[in-house]
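Data block below; observations after.
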Amino acid sequence: MKKQILVLGFLLVAVSGFTIVINVPADYETIQAGLNVATEGDRVIVADGIYYENITWPAVNGIKLIGESEENCIIDGNEISSIIRFEEDLNGIIDSTTVIKYFTIQNGAVNYGGLYIHNSHPIIMHTSIRENVKVGVYCIDSMPLFYNVKIYDNFWGDNGV
């Protein structure tokens with residue numbers, strides 16, 4: 001009996017340590033839906049395509065959002081709002097174990113353009129941030145890390161004015 005309980009205990013510890021892979025659009029139709037079910041350490045893998053979304057990052061640290069390729073995996077904000085928003089309160093949950101890589105982020109709007117990062121510290125890698133209104137990246141009380149990120153052709157106002 002003690003052996004069975006010990007084995008069961010090891011299995012529970014082993015299962016709780018596993019991360020899962022969430023595939024968009026195979027498992028979830030949108031990136032936001034995939035992120036919403038992700039837990040710490042999970043990977044949300046996004047197939048090439050154009051995703052018209054305005055994403056609010058969940059208050060979960062350590063999610064890896066990985067596109068298939070920077071050139072062909074595009075998150076388009078449709079000039080509605082910021083494309084990806086990290087809106088942490090003063091707890092600052094999101095640290096550098098949170099990663100976004102292999103995307104083009106385009107057509108964000110309102111006041112904070114492509115990426116809005118508040119009190120968060122994600123790593124952004126191999127990503128293009130382009131054609132956003134106001135600004136490509138807006139950071140407040142944050143220290144994101146950027147590796148091989150291209151920020152270009154962002155503009156202020158309507159029609160580049």
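Classify the range 28-161 from the C-alpha gyration tensor, please: rounded if a/c falls under 1.5, else prolate or oblate depending on whether a/b exceeds b/c. Walk me through the numbers before you get to the answer.
Working: a/c = 1.61, a/b = 1.23, b/c = 1.31.
The shape class here is oblate.
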>> Rounded to the nearest 20 debye, what is the charge dipole size of the range 42-91 about its Cα centre when +1 sits on each Lys and Arg Cβ and -1 on each Asp and Glu Cβ?
In response: 180
> Among the aspartates and glutamates, which have Cα under 12 Å from the Cα of Lys134 when same-chain residues fewer than 8 positions away are ignored?
Replying inline: Glu79, Asp153, Asp158
>> Would the range 109-157 count as rounded, prolate or oblate if I go by the C-alpha gyration tensor, calling it rounded below 1.5 in a/c and otherwise prolate when a/b exceeds b/c, oblate otherwise?
In response: oblate
> At what distance in angstrom do the alpha carbon centres of the range 27-65 and the range 94-161 lie from each other?
Replying inline: 16
> From the square roots a ≥ b ≥ c of the eigenvalues of the alpha-carbon gyration tensor of the range 45-93, which class results: rounded (a/c under 1.5), prolate (a/b over b/c), or oblate?
Replying inline: oblate
> Which whole-number percentage describes the relative contact order of the range 26-85, with Cα contacts under 8 Å and a sequence gap of 6 or more?
Replying inline: 37
> Which of the aspartates and glutamates could be linked to Lys150 by a straight reach, that is with a Cα gap under 13 Å, when you skip same-chain ones fewer than 8 residues away?
Replying inline: Glu70, Glu71, Glu131
>> Can you tally the net charge around Ser120? Count Lys and Arg as +1, Asp and Glu as -1, for every other residue whose Cβ sits under 10 Å from the Cβ of Ser120.
In response: -3
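Readers should treat all values here as calculations from the given coordinates under stated rules, not as data from a laboratory. Every value quoted in this text rests on a predicted model; they were computed, and no experiment measured them. Heads up, the Cβs are rebuilt from the backbone with ideal geometry, glycines too, and the neighbour counts pull from every protein chain shown.
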